[in-house]
Amino acid sequence: MILKIDDLSKTYANGTTALKSVSLEINTGMFGLVGPNGAGKSTLMRTLATLQDADSGTAFLDDLDMLNCKPEVRKILGYLPQEFGLYPKVSAETLLNHIAEMKGITSKGERKELVELLFQKTNLYQHRKKNLGGFSGGMKQRFGIAQALIGSPKLIIVDEPTAGLDPTERNRFHNLLSEIGENVVVILSTHIIDDVKSLCNQMAIINFGEVLLKGKPDEIIEILNGKVYRKLIDKHTLESYSNMEVISTRLQRGKIEITVVADGNPGEGFSQTEATLEDVYFSNVKNAN
């Protein structure tokens, strides 16, 4: 299964250009899409999810034209938006059964079997009779994945799925996404760079509607290896480093840790450190501003 996006562009009526000739090739597995707020991630995902039209370009999942065959796309699509509404006074079992019926699973017995299987897969079986208003944030996200898996989708799109989750729920969600990504194309949009490093075998960094960098996380990190230096400085001295390529600053025990990209040691007190995916992200986004 291959998703090929070619020269996809979108400009809104207010003049905001959300996508500029975006081209990506995404294979079966987990694909991480990262970028700051307003980068174009949600526009790209809504376009692929058939919720809005592009101005130009193409997107094909194997031979399926995703931009012009929306009913067919919806049959093989699972979508978990960043924010989604649930009926608080309805049980999880009732709502999931209803969604399955809307997706065309008309056999009552088949629906019952599917709903039970999805609750087991998402570790919600023991909570299936509970009203959704009593679900925690993590339980709601797992319910969102359960509904996205109805109909054995070939493409799953998830937008910021671990935002606000505690470490236990986040780890459980990671395991679930990893299992799903073994057999289908999963696009994961997130601000959490560590999620991409641990989950995805492909990724892209996007900003101002353009793809800045794409590839495998480990290979992308190699771009900066041997070029990353860090140093703890006093807050009032930060401006004196403006002549360096400072890609990030972090407050640490009352001081600021600055991270610099340089071909050689930039000065006294700097230590060369192993590059991280976060360093690559900050370097690309900063240089695009």
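The values are calculated or read from the model by the stated rules, or taken from the named source; none is laboratory data. Bear in mind that the values here come from a model prediction, so they are computed numbers and not experimental data. Counting neighbours? That spans all protein chains shown, and the Cβs are built from the backbone with ideal geometry, glycine included. For accessibility, only protein heavy atoms count, side chains too; no ligands or nucleic acids. Shrake-Rupley method; radii C 1.70, N 1.55, O 1.52, S 1.80 Å.
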The conditions are (1) out of contact with any strand residue (DSSP E or B) (no Cβ under 8 Å at 6 or more places or on another chain); (2) more than 19 Å from Thr276 (Cβ to Cβ); (3) open to solvent by 50 Å² or more (accessible area, probe 1.4 Å), and Phe173 fails exactly one of them. Which is it? (3)
Does any residue of region 25-44 turn out to be open to solvent by 50 Å² or more (accessible area, probe 1.4 Å) and over 21 Å from Val196 (Cβ atoms)? no
Tell me which residues, restricted to region 151-170, are in a helix (DSSP H, G or I) and open to solvent by less than 30 Å² (accessible area, probe 1.4 Å). Glu169
Any residue at all in region 67-74 that's among the charged types (D, E, K, R) and more than 20 Å from the chain's Cα centre (by Cα)? yes
Quick one: which of His98, His127 is surrounded by 19 or more Cβ atoms within 10 Å (Cβ to Cβ), under 23 Å from Val158 (Cα atoms) and without any contact (Cβ under 8 Å) to a residue 40 or more places away in the chain? His127
Breaking point among (1) in contact (Cβ under 8 Å) with a residue 40 or more places away in the chain; (2) closer than 18 Å to Leu155 by Cβ, for Thr11: (2)
So, of the residues in region 204-261 that are closer than 22 Å to Leu188 by Cβ, of a type in the set (A, V, I, L, M, F, W, C) and open to solvent by 40 Å² or more (accessible area, probe 1.4 Å), which turns out to be farthest from the chain's Cα centre (by Cα)? Ile223
Restricting the search to region 206-238, which residues are touching a helix residue (DSSP H, G or I) at 6+ places or on another chain (Cβ under 6 Å) and not hydrophobic (A, V, I, L, M, F, W, C)? Asn207, Pro217
